[in-house]
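Contents: one structure, followed by commentary.
The values are calculated or read from the model by the stated rules, or taken from the named source; none is laboratory data. From a predicted model like this one, the values you see are computed outputs, not experimental measurements. Backbone-built Cβ (ideal geometry, glycine too); neighbour counts: all protein chains shown. With ligands, DNA and RNA removed, areas are computed over all heavy atoms of the protein, side chains included. Shrake-Rupley method; radii C 1.70, N 1.55, O 1.52, S 1.80 Å.
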Amino acid sequence: MSGSAVGWDQEIEIKLRTDAAGLACLLDAALLKTAGDLQTENLKATYFDTPSNALRKKGTILRIRKSGDAVPVLGMKAPGAAGDGPFHRKEVEVNSPSLKPNLALFDKTTKKFLTRIIRGQPLAAKFKMEFKRQGGLVKAGSSVVEIAVDQGHISCGKLRVPLAEVELELVSGNKADLLDLAMTLANEFSLRLDFVSKAEKGFRALLEEKPAPVKATPIKSKSLDTFDDAVTAIISNTLAHFVANWACLRETDEPESIHQMRIALRRMRCGLSIFNRASPNAGFEALRDDAGCLASAFGPVRNADAIRMSVVQGPLASTDCPGNSDALRGIMEKRRIAAYASAHSEMESLAATLFVLNVQSLLAHGDWHEGAKPKMRIRKFFKTELSRLRARVLKRGKAAGASDQARHKLRIALKNLRYAVDFFDLFGNGERRQAYQKRISALQGLLGVRNDIVVAKTYLKELREETGLEAVRILEFIQGWYARDAAAADKAISKSLKKFKRTEPFWN
């Protein structure tokens, strides 16, 4: 949107990726051939930042883009509101008389926003892009969407990074239609979601960086007034947590990325269960099932990483370990690599892309409204849910020593309470809240260790079938090691559970 800017526009854009064959099929499809205002542009863009990359650290983009002989356009993009979802950004564009950025061209609000980040530092060109854009306007339900197919490269000195992506931007109408179109195209042309902007791809190439794992951001639940506020804030937060780790899993074998994605999915499932109790809805149930399927698909990777680390740093590092463990280590590494290949395949699946789009579609349509109780008091609702989840922990705690399955059920109940405590920051003072969280974390950590031991039993049994006789003594040693750890963990769990039971809920 070039021209004189008087405020910040809201950009709602979905970015998708595919291979060269997929792009060719899309360009040859009737959808684009019959699009309105069909254009082909050769675009050049230069991205700017300070020596310390202050703008990038704030998720803000400053660029000048030029199309042929047209007037250059100075653009600024910044993160959208937390509850808007991963496809929203704030955007301002103005015509520029030169190819150097001049903040005075922006409106006062934008200029002030950028000035606070830059703090008097000089701006310099960081990298450039050249790409051909082909696209036009298409109808999607009652809305109009601009579809653009971009093919070109990013230039960082002598380094050239290929660029090929599809962008869908809402021009007019509603977000639900945009999401529906994205789902259709993803299915028909093997398009997959991409959450890394062109600018971020440029910075990673420039700085030779790989994407890093990201933890969940706090939810400001004290600003929530209604049930709808809570649904939007919590589901959006958990989705943001999930997609923030998407690129890290896609491009690396970083164990923490899998861990954070599974946590995000479990947090989302917890939130969906809570909301479904208050306002039964098929959409809540379907997304909860889908999140569970994705979490299960990532399970083998997490197990392979956790058990391998536990075995290597524990029994195999002991001076008492019998024999040479090289062959066993090799098999564990082979299984880990295979598990990551499966996880990467899952991220590139249609199911993963549709899951994210379906979450956003649920929030866009707001189908839960009809089932929600009228005038639901949010504080009372939160307090009731926290008390219910605590009661479930106490109930399952009574049978925790009976079996591995009983301990697993307690662990799940405790996780849900932990997530709910993180969601609902409304009650008690900070010290009481932190003390309660610390007590939950201690018990959750012990149950996690105990669960890893149970998973390791099955894992070691499978390893026995893959290894030769020379590894049998080592495997028996590892099993004995874990049997000892299990006994110690059971005692620690019993003590920690008693302390948890005596801890007064901070929301009372």
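Only one of Val166, Val161, Val171, Val145 is open to solvent by 50 Å² or more (accessible area, probe 1.4 Å) and part of a strand (DSSP E or B); which?
Values: Val166 fails: open to solvent by 50 Å² or more (accessible area, probe 1.4 Å); Val161 fails: open to solvent by 50 Å² or more (accessible area, probe 1.4 Å); Val145 fails: open to solvent by 50 Å² or more (accessible area, probe 1.4 Å).
Matching residue, one of Val166, Val161, Val171, Val145: Val171.
Condition check: buried (at least 21 other Cβ atoms within 10 Å of the Cβ) and either modelled with pLDDT under 90 or in a loop (DSSP other than H, G, I, E, B) (or both). Does Ile331 satisfy that?
Values: buried (at least 21 other Cβ atoms within 10 Å of the Cβ): no; either modelled with pLDDT under 90 or in a loop (DSSP other than H, G, I, E, B) (or both): yes.
In short, no.
Scanning region 253-278 for residues that are more than 10 Å from the chain's Cα centre (by Cα) and either small (Gly, Ala, Ser) or closer than 16 Å to Asp194 by Cβ (or both), which turns out most open to solvent (accessible area, probe 1.4 Å)?
Ranking the qualifying residues of region 253-278, first place goes to Ser273.
Out of all the residues in region 11-21, is one or more modelled with pLDDT under 90, over 26 Å from the mean Cα position of the chain (by Cα) and not in a strand (DSSP E or B)?
Yes, region 11-21 contains at least one residue that is modelled with pLDDT under 90, over 26 Å from the mean Cα position of the chain (by Cα) and not in a strand (DSSP E or B).
Within region 32-79, restricting attention to residues that are without any contact (Cβ under 8 Å) to a residue 24 or more places away in the chain and touching a strand residue (DSSP E or B) at 6+ places or on another chain (Cβ under 6 Å), which residue is farthest from Glu167 (Cα to Cα)?
Gly59
Please go through region 229-249 and pick out each residue that is without any contact (Cβ under 8 Å) to a residue 60 or more places away in the chain and in contact with a Ser or Thr (Cβ under 7 Å, 6 or more places away or on another chain).
The answer is Asn245, Cys248.
Quick check: is even one residue across region 432-449 open to solvent by 40 Å² or more (accessible area, probe 1.4 Å), β-branched (Val, Ile, Thr), free of Cβ contacts under 8 Å to residues at least 40 places away in the same chain and closer than 22 Å to Arg266 by Cβ?
No, that holds for no residue.
Assuming Asp289 fulfils every condition listed in (1) in a helix (DSSP H, G or I); (2) touching a helix residue (DSSP H, G or I) at 6+ places or on another chain (Cβ under 7 Å); (3) open to solvent by 20 Å² or more (accessible area, probe 1.4 Å) apart from one, which condition is it?
(2)
Going through Phe131, Phe87, Phe127 one at a time, which residue ends up being among the aromatic types (Phe, Trp, Tyr) and within 30 Å of Ser221 (Cβ to Cβ)?
On the way: Phe131 fails: within 30 Å of Ser221 (Cβ to Cβ); Phe127 fails: within 30 Å of Ser221 (Cβ to Cβ).
None of the other options fit; the residue is Phe87.
Quick one: which of Ser155, Ser190 is surrounded by fewer than 21 Cβ atoms within 10 Å (Cβ to Cβ) and modelled with pLDDT of 95 or more?
Working: Ser190 fails: modelled with pLDDT of 95 or more.
One residue alone meets the criteria, Ser155.
Does region 302-322 hold any residues that are within 21 Å of Arg262 (Cβ to Cβ) and open to solvent by less than 60 Å² (accessible area, probe 1.4 Å), and which are they?
Asn303, Ala304, Asp305, Ala306, Ile307, Ser310, Val311
Exactly one condition in (1) in contact with a Lys or Arg (Cβ under 8 Å, 6 or more places away or on another chain); (2) touching a residue at least 60 places away in the same chain (Cβ under 8 Å); (3) among the aromatic types (Phe, Trp, Tyr) is false for Phe381; which is it?
(1)
So if I check each of Leu460, Leu394, Leu426, which one is among the aliphatic types (A, V, I, L, M), out of contact with any Gly (no Cβ under 9 Å at 6 or more places or on another chain) and open to solvent by less than 10 Å² (accessible area, probe 1.4 Å)?
On the way: Leu394 fails: open to solvent by less than 10 Å² (accessible area, probe 1.4 Å); Leu426 fails: open to solvent by less than 10 Å² (accessible area, probe 1.4 Å).
Every option except Leu460 fails the conditions.
Which numbered condition trips up Glu13, out of (1) exposed (fewer than 12 other Cβ atoms within 10 Å of the Cβ); (2) closer than 30 Å to Gly141 by Cα; (3) of a type in the set (D, E, K, R)?
(1)
If we keep just the residues of region 345-362 that are touching a helix residue (DSSP H, G or I) at 6+ places or on another chain (Cβ under 7 Å) and open to solvent by 30 Å² or more (accessible area, probe 1.4 Å), which is modelled with the lowest pLDDT?
We begin by selecting, within region 345-362, every residue touching a helix residue (DSSP H, G or I) at 6+ places or on another chain (Cβ under 7 Å); these are 346-347, 350, 352-362.
Now narrow it down to the ones that are open to solvent by 30 Å² or more (accessible area, probe 1.4 Å): 346, 350, 354, 358.
Numbers: Glu346: 92, Leu350: 95, Leu354: 97, Asn358: 96.
It comes out as Glu346.
Need the failing condition index for Phe203 against (1) closer than 19 Å to Pro79 by Cβ; (2) exposed (fewer than 14 other Cβ atoms within 10 Å of the Cβ), just the number.
Going through the list (1) closer than 19 Å to Pro79 by Cβ; (2) exposed (fewer than 14 other Cβ atoms within 10 Å of the Cβ), Phe203 breaks only (2).
Looking at this structure, is Lys210 under 14 Å from the mean Cα position of the chain (by Cα), assigned to a loop (DSSP other than H, G, I, E, B) and in contact (Cβ under 8 Å) with a residue 24 or more places away in the chain?
Details: under 14 Å from the mean Cα position of the chain (by Cα): no; assigned to a loop (DSSP other than H, G, I, E, B): yes; in contact (Cβ under 8 Å) with a residue 24 or more places away in the chain: yes.
No: the conditions fail for Lys210.
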